[in-house]
Every structure is written in C-alpha cells, then in structure tokens.
Amino acid sequence: VVKFRRTGESSRSDEDGISGEHEVQIEGVRTELEPVELGDGAAVPKEFANPTDDTFMVEDAVEAIGFGKFQWKLSVITGLAWANAMEMMILSILAPQLHCEWRLPSWQVALLTSVVFVGMMSSSTLWGNISDQYGRKTGLKISVLWTLYYGILSGFAPIYSWILVLRGLVGFGIGGVPQSVTLYAEFLPMKARAKCILLIEVFWALGTVFEVLLAVVVMPTLGWRWLLILSALPLLLFAGLCFWLPESARYDVLSGNQEKALATLKRIATENGAPMPLGKLVISRQEDRGKMRDLFTPHFRWTTLLLWFIWFSNAFSYYGLVLLTTELFQAGDVCSISSRRQEVKAKCSLTCEYLTEEDYTDLLWTTLSEFPGVLVTLWIIDRIGRKKTMALSFLVFSFCSLLLFLCVGRNVLTVLLFIARAFISGGFQAAYVYTPEVYPTATRALGLGTCSGMARVGALITPFIAQVMLESSVYLTLVVYSGCCLLAALASCFLPIETKGRGLQESSHKEWGQEMVGRGSHSPGESQE
C-alpha cells in the first residue's frame, strides 16, 4: 500500500477523502517490508528518496513562481548595466574627433579603440571567476562601479597617454558587465528565458541610439569631454538601484547557503504573488566553483572551443561594422574609398574629416537596426533553436558584406549596413542566450566570462582591420569579415548541444541533459517542436 497526499489541483471531488490522504493497493508487490524509523530532523536515506518526497530544488521553485513583478524590476536594473553600450558606441564617435583635434596618426586612433578591448579581454575571465567564487551580485556591482568611476574620469584626460590609460581601465570594468546576464538568467523560468534575455538586449540598442543622439546635441556645443561624462548616466542609475538586487538563489544553494537561497525565493514569491512549492529546499552537492578545467571536461570541451570562436567572430564583425560604418559614410561608398586610395598614393595619416550632420543621421539609422535585430532573433530563436539562429545571423552578415563590393549609392549602402548590423547584433544576442544555458551553475559565470574575453580579442583586432587595413584595400577588408562569419556559421552548426526547451543545469557531475528537460513539459518519448 502506497500512501500519498494530494497537494495540487485535481479534477476529483473533495468527497474522495476528507483527510486528503489516499491509499492505492499495488498488486503483486511484496508486503513483508520492515518499517524504518527516522529520528527528528534526520535526513532521508538516498535509497528511500524519490521524486514524490516533499522536497524541491531551486529550478522547481523558479518554475513554480513564474515570471512576474520581481523579474520586471530585475529586467530594468540589469538592463541599466547592459546600457554600457554607450561606452562602446562612443568609440566610433570619439576616434575621428580626437584624430582631428589632437592630430593623431591612424595607428594611434586605432590604438585608442583597441585599448578598451585590451582591458575587457584581460578582465572578462577574472570577473567570471569572481562571480563564481563570491557571487553574481558582488562581481556585477564592483565592475559597474569601476566602469562608472573611470568613465567619468576619462572626460578630464589632458593628453593622449592619459586618455589611453583611462579608457583601458574603463574596458577593464566593462569586462564584468556581461555577468548581469548570468544573474538575470538564473532567476528566469525556462519558457521565458530566451525572450527575456533578448529583451534586456533592447537596453544595449537603446544605449547605442541614445549615444548617437547625445553626440548630436553635445559634440557641437560642449565637446567630447562632456560626451564621455554624460555617457556614464545609465551606470550611475544602476549604482543607485543596485542595493535592491538579490544574490542568485542558485549560487547560494551551490555554495551551501540554504537559508539565504530560501529567503530569496520567498521574497520573489511574495513580490510575484505566487505560492512557494511545498516541502524543503534541497541543497545541491557543493562543488569547486570557477575552475577553468571544468570548461574542458569531455562533455564541454568542443562546446567551449566552438563558443570561443563564435564569440570572437561576433565581436570582430560587430565592432568592425560599427567602425567601418563611420569610414564608409565619410567616403560616400566603397568605390569612393578605393578610388581615393589610388589617386592619393602618399596620403598623409594626419588628414582628418570631422563627422558631419549627415554622418550622424546615417549613423543613427544604422544604429536603429539593433531593434529589428532583437525582434527577428526573438521571433526565430524558440522556433529554429539557438544554434541555427546564430548560423543564420552569420550567413546574412556575410552576404551583406559581399554585396558591399558593388558600387552602390549612399542610400543602398545605408540599407546594406542596416541589415548587416541587425543580423550580427542578433547573432550576438543569441550567443548571450545560449552560453548561460549550456554551462552548469558552478562554471556558468566563468564560461560566460571566458567567452566574453575571446570576444574582446576579436574586438581588439578589428580596429586595425576596419581603420588601418581599409587604407590599403577596402575589398580585402570586406573579404576578411565575410570569411570570418562564414566560418562562424559552420561553428554554430557543429555545436554539440542545443539548449532550446531545456532547464539550467545545476551540477557539473551529471551528463548534460539528465536534469535539464523542463519538468512536466515533455515526456522522454515526446518530440519537441
């Protein structure tokens, strides 16, 4: 006889049992079993544990509580950190301005951009390790405050060497901002995760658009120094609101802090107006967190290597297009750049052109492409999966890059750049969805951090392609970007794990997929659309 208690909604009448307990006679089962008594507070032995016990995991609680008021608040606050896109977009505006104002040669202009990515590359893994060791909230708060301080300070740089160092320190802080995605993803139910992560990417798009609008107003009147200072506004807002952020309940459970995790889950349930699951929160097996070797276990080795190349290609192409857009708009089209290089054989590297009002307008139009990029990715990512979404984004970008070989007018050029930027930003967003999903809690922040670090390697190299190589051959420049994205599309297809329709993995000691399928959503034999 198996006794069980009814804890959920049922179509049966309440008359079936006032006590709420039912008995089921199972035929053919041996009944001569010895009773086992447990002392007060004693743990249930593993051999008696089963899924119907009154216990639950963080994953169960997050799914049961669902998406609500708490997640909306979290979306806005983490989105403010994600609006650091302003600190990145400013590079394409600051470079031509300082090139003219301080009479910098082209290699120094490229170095001004690259030093930001050097800082990001050197710190991304460090911030990931800090977030895995000391908590997601801790790593994110320190990195944002660091970026805010040096971002404002760089507006007071008196000479080139000062701004070079200060922008490098800004880059060091920006390297930790992607950990906002780790914190955010760990509070999201499975069905809402992809859509929500993509929606906070809207803050990235808003940041880039706001930066261009800010530059239109500030640059002619107040100058680039005030533009640097005002670009830190979203991070200033985050610094004022970050006290509200809770620590990830998944991290607390993994680090053995059960009471704190339970308090966080109860707080979310209260804010969302949803009931907590019945029973006791199960403490996961405590593991070493933030260990690089865990990224190269047999289950994750190829995933890690392929993701590193995908992130490299994403940043290399995305930031390359941002910088290339400014160069192409100043020249008019690709053929103008090519003919100008032939006519001026001994071009002085100090020759400069300020950004015009038309340049800012076209820059704004291409920046607005971030929004349709989000919408397209949002529409396809849960239909065709994460891997195919990334592959499609790279293929469309590569195709648009090849079309730039044609001597098109400025209007067609703007359209091609618009489409290319929409899809490469969509690919970047899909990578931000996929990466936290594929790694377990113990290495999730480190995995995202190392991928972000590889992205910065691509971003570090790209100014020398989009600004320096462009002076030698515009066609070779376009071939480099197009070829890189074709390889990245292949890498996306060869990723061994598709995370669509899966929960977040808690333990790195299990085969991928053992605890991943959303509970109650599919049976093992059912196909997932």
| request: Just order 97-110, 386-399, 205-218 by mean Cβ neighbour count inside 10 Å, highest at the front, would you? | output: 386-399, 205-218, 97-110
| message | Students often get this wrong, so check it: of Lys195/Lys280; Lys73/Lys266; Lys260/Lys388; Lys73/Lys388, which have C-alpha atoms separated by over 28 Å? | response | Lys195/Lys280; Lys260/Lys388; Lys73/Lys388
| said: How would segment 59-176 be classified by its alpha-carbon gyration tensor: rounded, prolate or oblate, with rounded meaning a/c under 1.5 and the a/b versus b/c comparison settling the rest? | reply: prolate
| field | Pairwise label distance in nanometres, Leu145 with Ile380, each label 7 Å out on the Cα-Cβ vector | value | 4.2 nm
| query | Extension gain Lys266-Ser472, at 0.36 nm per residue separation less the Cα-Cα distance, in nm? | reply | 68.0 nm
| Using a Förster distance of 22 Å, the FRET efficiency for Leu199-Cys493 (Cβ separation, nearest 0.05) | 0.25
| message | I need to check one value: relative contact order of segment 53-283, counting alpha carbon pairs closer than 8 Å and at least 6 residues apart, in percent. | response | 39 percent
| note | Rounded to a whole %, the carbon-and-sulfur portion of the accessible area of segment 60-179 at a 1.4 Å probe is 71 percent
| Working out 0.36 nm times the residue gap between Val165 and Leu402, then minus their Cα-Cα distance, what length gain in nm do you get to one decimal? | 81.7 nm
| said: I need the phi-derived Karplus couplings for segment 234-250: 6.51 cos²θ - 1.76 cosθ + 1.60, θ = phi - 60°, integer Hz, Gly and Pro marked x. | reply: x, 5, 5, 5, 4, 4, x, 9, 5, 4, 6, 4, x, 6, 4, 5, 5
| task | Give me the distance in nm between label points sitting 7 Å out from Cα along the Cα-to-Cβ direction at Arg293 and Leu111, one decimal. | result | 4.1 nm
| field | Positive minus negative residues near Trp224 (Lys, Arg vs Asp, Glu; Cβ under 14 Å) | value | -1
| note | For segment 53-283, the dipole about the Cα centre with charges only on Cβ (Lys and Arg +1, Asp and Glu -1), to the nearest 20 debye, works out at 380 debye
| query | In the neighborhood of Leu265, defined by Cβ-to-Cβ distances under 13 Å, what is the net charge if each Lys or Arg adds +1 and each Asp or Glu adds -1? | reply | -3
| note | For segment 53-283, dividing by residue count, accessible area per residue (probe 1.4 Å) in Å² works out to 35 Å²
| said: Which order do the peptides 55-68, 120-133 come out in when sorted by mean C-beta neighbours inside 10 angstrom, highest first? | reply: 120-133, 55-68
| remark: Counting only residues 5 or more apart in sequence or on a different chain, those whose built amide H sits under 5 Å from that of Phe56 are Lys280, Leu281, Val282
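The values are calculated or read from the model by the stated rules, or taken from the named source; none is laboratory data. As the structure is a computational prediction, the values presented were derived from the model and not from experiment. Because the Cβ atoms are built from the backbone with ideal geometry, glycine has one as well, and the counts that use them run over all protein chains shown. Protein only, heavy atoms only, side chains kept; ligands, DNA and RNA dropped before computing areas. Shrake-Rupley method; radii C 1.70, N 1.55, O 1.52, S 1.80 Å.
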